[in-house]
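Engineer: Sharing a structure here in structure tokens format.
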Amino acid sequence: MKNARMFNCCAHPQSHNLIQELRQEFSDEEPVAQYTVFNTASNSYRLITAVHYDAQRCYIRAIWTHAQYSERYNKDKLSGGLL
């Protein structure tokens, strides 16, 4: 259910208070560089987003498995802001 709520928040931000919705639904998030990374599907996937809180917009930059997120190459891209 949380995955569907995240998609809904990102796909239709004008119909939600994005900040409140994201914080209520996804307490397991972490900032990495200019991105916000959400752990989803019981920590199996990472949803990498660019959240523009001032504009109430959420842009999905990547969806990685836990293994992909752990790869050095991907961590370097993420921390360097190259998504």
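Engineer: Show the residues, 5+ positions off or on another chain, whose built amide H is closer than 5 Å to the amide H of V32.
Structural biologist: For V32, whose amide H was placed from the backbone, the distant partners under 5 Å are V37.
Engineer: Short version: ³J(HN,Hα) in whole Hz for each residue of region 63-80, in order, from phi by Karplus 6.51 cos²θ - 1.76 cosθ + 1.60 (θ = phi - 60°), x for Gly and Pro, what are they?
Structural biologist: Values per residue, Gly and Pro as x: 10, 10, 6, 4, 5, 5, 4, 7, 5, 4, 4, 5, 4, 5, 4, 5, 5, x Hz.
Engineer: Between Y45 and D76, what is 0.36 nm times their sequence separation minus the Cα-Cα distance? Round to one decimal in nm.
Structural biologist: Here the segment from Y45 to D76 would lengthen by 9.4 nm.
Engineer: Let me ask something else about it. Tell me, Y53, Y69 in order of fewest to most beta-carbon neighbours within 10 Å?
Structural biologist: Y53, Y69
Engineer: Continuing with this model, one more query. Under the rule of at least 5 residues apart or a separate chain, name every residue whose amide H is placed under 5 Å from the amide H of R57.
Structural biologist: Sorted by chain and number, the residues that satisfy this are H52.
Just so you know, all these numbers are worked out from the coordinates, no wet-lab data involved. All values derive from a computational prediction rather than experimental measurement. A quick note on method: Cβ atoms are made from the backbone with ideal geometry, for glycine too, and the neighbour counts reach across all protein chains shown.
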